[in-house]
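What follows is a set of notes on a single structure, which appears directly below.
The values are calculated or read from the model by the stated rules, or taken from the named source; none is laboratory data. Nothing here was measured: the structure is a model prediction, and the numbers come from that model. Quick reminder, even Gly has a Cβ in these numbers, built from the backbone with ideal geometry, and neighbours come from all protein chains shown. These accessible areas exclude ligands, DNA and RNA; they are computed on the full protein's heavy atoms, side chains included. Shrake-Rupley method; radii C 1.70, N 1.55, O 1.52, S 1.80 Å.
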Amino acid sequence: MRWKTVFFDLDGTLTDSAPGITNSIIYARKKWGMDPGTNADYLKFIGPPMPQSYEEFWGFSHEDAVRFLADYREYFGTKGLFENNVYPGILPLLSALKAAGQTLFVATTKPTGFSERIAERFGLAPYFAMISGSDLTKDNTKYDVIERARAAFDVDMTSAVMVGDRSHDVEGAHEHGIPCVGVTWGFGGRDELVSAGADYIADTAEELQRLLLS
């Protein structure tokens, strides 16, 4: 195998987290007296760090983005994180990779505590050496969460690869000098992944398995 270590994004790669994330945004917008919009309006928010999206799409100041995020988490931390489903084929994929001797990590900008609870609830946790998420007290990039896992396990990055569905997954991987496999079943889509420079593209979990074990 060309890769001994695989870093996985969470939202849009392992799980379809759209209902919980978009419901949490709607909850916070209502609390702020804003037009709640619809779930479909907020799919583009899934993946990148949330404060960054509030600033980019709504013109929020960083301070307001942080305040809005706190209200978002009121819903997400109790209900939204479990309004979620594992994508078809993911559990067999993880089982095959682990059986082949690969070391697997989750590298997500979702807070570590939320990510660990999701991984436990949906049966993902046993496959991963570490769930590397963001720190609630500061902004974290994809580079940061990959680095946290790399440092904790002294990962040899010459035989590592990242798997994700958004451009920031590709960017974080390339900042570490590792390739990225873009998956098209998530929230970015093929065009975004290709534009970001994804090294490989997989359309199904089965295709991803063949690629990672080649």
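Descriptive notes on the structure:
- Being within 27 Å of TYR42 (Cβ to Cβ), β-branched (Val, Ile, Thr), modelled with pLDDT of 95 or more and assigned to a helix (DSSP H, G or I) holds for only one residue in VAL163, VAL170, and it is VAL170.
- If you go through the range 16-33 and pick out every residue that is over 29 Å from ILE90 (Cα atoms) and either among the small types (Gly, Ala, Ser) or open to solvent by 50 Å² or more (accessible area, probe 1.4 Å) (or both), you end up with 6.
- If you go through the range 121-170 and keep only what is under 29 Å from ARG190 (Cα atoms) and of a type in the set (S, T, N, Q), you end up with SER132, SER134, ASN140, THR141, THR158, SER159, SER167.
- Applying the criterion of being part of a loop (DSSP other than H, G, I, E, B) and farther than 24 Å from GLU147 by Cα to the residues of the range 18-51, the residue that is nearest to the chain's Cα centre (by Cα) is THR38.
- Any hit, the range 37-56, residues being out of contact with any Gly (no Cβ under 9 Å at 6 or more places or on another chain), surrounded by fewer than 18 Cβ atoms within 10 Å (Cβ to Cβ) and aromatic (Phe, Trp, Tyr): no
- Subset tally (residues that are within 21 Å of PRO51 (Cα to Cα) and over 12 Å from the mean Cα position of the chain (by Cα)) for the range 85-113: 1
- Neighbours by Cβ (under 8 Å, 6+ apart or cross-chain): first from the range 21-49, of a type in the set (Asp, Glu); second not in a helix (DSSP H, G or I): none
- Those residues of the range 76-90 which are more than 16 Å from ASP203 (Cα to Cα) and assigned to a loop (DSSP other than H, G, I, E, B), in sequence order: GLY77, THR78, LYS79, GLU83, ASN84
- Whichever residue in the range 112-152 is out of contact with any strand residue (DSSP E or B) (no Cβ under 7 Å at 6 or more places or on another chain), more than 25 Å from PHE82 (Cβ to Cβ) and assigned to a helix (DSSP H, G or I) and, among such residues, is most open to solvent (accessible area, probe 1.4 Å): TYR143
- Qualifying residues in the range 48-88 (those that are among the aliphatic types (A, V, I, L, M) and under 15 Å from THR137 (Cα atoms)) - the one modelled with the lowest pLDDT: MET50
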